[in-house]
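The values are calculated or read from the model by the stated rules, or taken from the named source; none is laboratory data. Owing to the predicted nature of the structure, the values given are computational and were not obtained by experimental measurement. Because the Cβ atoms are built from the backbone with ideal geometry, glycine has one as well, and the counts that use them run over all protein chains shown.
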Amino acid sequence: LIQIYQPLNFLGFVYREIKQSLVDMEKMFSIISENAEIQDSPDAKDLIVKGGEVVFDHVSFHYAQNRTILKDVSFRVPAGSMTAIVGSSGAGKSTISRILFRFYDIAAGTVTIDGQDIRQVTQTSVRRHIGVVPQDTVLFNDTIRYNIRYGNPDASDEQVEEAARLARIDKFIETLPEGYDTEVGERGLKLSGGEKQRVAIARTILKNPSILLLDEATSALDSHTERDIQAALKTVAKDRTTLVIAHRLSTIIDADEILVMEAGQIVERGRHAELLAKQGLYYSMWQKQQEASEAREKLAALEESV
Ligand code: ATP
């Protein structure tokens, strides 16, 4: 039975990994079949990563022939730095991360990692060097230790626990009746969105990739959890090339560069203060978010007073 179960379980992994990495679940089946069309070039070598510099050079892309999604997108993420991508829903932010992960090939331009075109190297080697912290992590029906160790099956118990500490999930795990041996997932203990994201961060710490793709959760977290997650993300992003798809602008004010996207194009770029000074799209997004958070605070204060 175990011989049948293990491959099935593995397929389950792949299925869930693709699902969580791509975020867009409804499109999953078409993505899996489309994904099979991406072939390694016959002479593909393994990607060699030194610092992990990512460059998009005049990239254009469409999912369907008649609808261009990315138009002439160019940016460079120097090794070890952080670039944030912001913009309204449908602007093309997640598409950029899917292209970097090479789930799709582009129509024009090049994407390189440390100077190597990602079409000229093996897909597995590209994915080995990229860690993904998705919006919503799907946990395996197994112990929390197993779920963290998934980032690196060779990790020792001590390494798993150290990763949990760095991801700020250790205190939570210690409160569980069976600690690291507690069963989680659909059939076990259900974790909150913030807890699952920290499990994903711990996994990524164990995977130890040079490049990190963070897809910030859209759902609002309570301010305590938000702070913990921000601190954990900061730890995992340190010294790695990081691309973050951000929804809350307050979380990216320290980014080395912010790309503002609209309808598949980068319409503004710069650091937080520079973009505010421009008084353009970023500035108006910032104003809106500030107003919304002030309104939330007032409401919370009002609720407390009654
Ligand atoms: P959000 O903030 O809502 O996640 P986004 O900026 O990440 O949005 P993308 O997911 O990159 O946007 O999508 C960009 C555009 O591409 C959207 O118009 C979307 O409908 C379209 N799109 C996304 N995935 C597919 C797909 N598999 N096939 C066809 N079109 C797609």
So is LEU299 touching a helix residue (DSSP H, G or I) at 6+ places or on another chain (Cβ under 9 Å), more than 16 Å from the ligand (Cβ to nearest atom) and farther than 19 Å from ASP215 by Cα or not? no
Which residue pairs have Cβ atoms closer than 7 Å, lie 6 or more positions apart in sequence or on different chains, and pair a first residue in the stretch 63-90 that is over 14 Å from GLU262 (Cα atoms) with a second residue that is more than 11 Å from the ligand (Cβ to nearest atom) and hydroxyl-bearing (Ser, Thr, Tyr)? PHE75/THR83; VAL77/THR83; VAL77/THR241; ALA79/THR241; GLY80/THR241; SER81/THR241; MET82/THR242
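In the stretch 97-123, which residues are touching a Gly at 6+ places or on another chain (Cβ under 9 Å) and assigned to a strand (DSSP E or B)? Write out each step before concluding.
Here is the first cut: in the stretch 97-123, the ones touching a Gly at 6+ places or on another chain (Cβ under 9 Å) are 113-114.
ILE113, the sole residue that qualifies.
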Take residues that are within 16 Å of the ligand (Cβ to nearest atom), under 20 Å from the mean Cα position of the chain (by Cα) and touching a residue at least 24 places away in the same chain (Cβ under 8 Å) and tell me which of the strands (runs of 3 or more DSSP E) falling wholly in the stretch 222-290 contain 2 or more. 241-245, 257-262
So in the stretch 86-129, with the set limited to residues that are of a type in the set (Ser, Thr, Tyr) and under 18 Å from HIS62 (Cβ atoms), which one is modelled with the highest pLDDT? THR110
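What tally of residues in the stretch 35-61 results from selecting those that are among the charged types (D, E, K, R) and part of a strand (DSSP E or B)? Walk me through it before giving the result.
Just the residues of the stretch 35-61 that are among the charged types (D, E, K, R), to begin with: 37, 40, 43, 45-46, 50, 53, 57.
Checking the rest, the ones that are also part of a strand (DSSP E or B) come to 45, 57.
Of the residues in the stretch 35-61, 2 are among the charged types (D, E, K, R) and part of a strand (DSSP E or B).
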Members of the stretch 117-137 found to be surrounded by fewer than 18 Cβ atoms within 10 Å (Cβ to Cβ) and not basic (Lys, Arg), listed by number: ASP117, GLN120, THR122, THR124, ASP136
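Could you say which residue among VAL138, VAL126 is away from the ligand (no atom under 15 Å from the Cβ), of a type in the set (A, V, I, L, M, F, W, C) and assigned to a loop (DSSP other than H, G, I, E, B)? Give the derivation first.
Values: VAL126 fails: assigned to a loop (DSSP other than H, G, I, E, B).
Selected residue: VAL138, the only one of VAL138, VAL126 that is away from the ligand (no atom under 15 Å from the Cβ), of a type in the set (A, V, I, L, M, F, W, C) and assigned to a loop (DSSP other than H, G, I, E, B).
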Could you run through the stretch 218-246 and say how many residues are closer than 24 Å to SER284 by Cβ and crowded, with 18+ Cβ neighbours inside 10 Å? 4
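Looking only at the stretch 97-108, count every residue that is within 11 Å of the ligand (Cβ to nearest atom) and within 15 Å of the chain's Cα centre (by Cα) and tell me the total. Let's see the steps before the verdict.
From the stretch 97-108, those within 11 Å of the ligand (Cβ to nearest atom) are 97-99, 103-104; that's our starting set.
Of the ones still in play, those that are also within 15 Å of the chain's Cα centre (by Cα) are 97-99, 103.
Final tally of qualifying residues: 4.
Restricting to the stretch 62-96, what's the tally of residues that are assigned to a loop (DSSP other than H, G, I, E, B), within 13 Å of the ligand (Cβ to nearest atom) and at positive phi?
Looking only at the stretch 62-96, we keep the residues that are assigned to a loop (DSSP other than H, G, I, E, B), and these are 63-67, 78-81, 88-92.
Add one more test, that the residue is within 13 Å of the ligand (Cβ to nearest atom), and what stays is 63-67, 88-92.
Subset that is at positive phi: 90, 92.
Final tally of qualifying residues: 2.
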Could you say whether any residue in the stretch 164-184 is at pLDDT below 90 and assigned to a loop (DSSP other than H, G, I, E, B)? yes
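Within the stretch 141-150, can you find the residues that are touching a residue at least 12 places away in the same chain (Cβ under 8 Å) and assigned to a helix (DSSP H, G or I)? Full working, then the answer.
Here is the first cut: in the stretch 141-150, the residues touching a residue at least 12 places away in the same chain (Cβ under 8 Å) are 141-145, 147-150.
The answer is ILE144, ARG145, ASN147, ILE148, ARG149.
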How about the stretch 197-217: which of its residues are surrounded by fewer than 23 Cβ atoms within 10 Å (Cβ to Cβ) and polar (S, T, N, Q)? ASN208, SER210
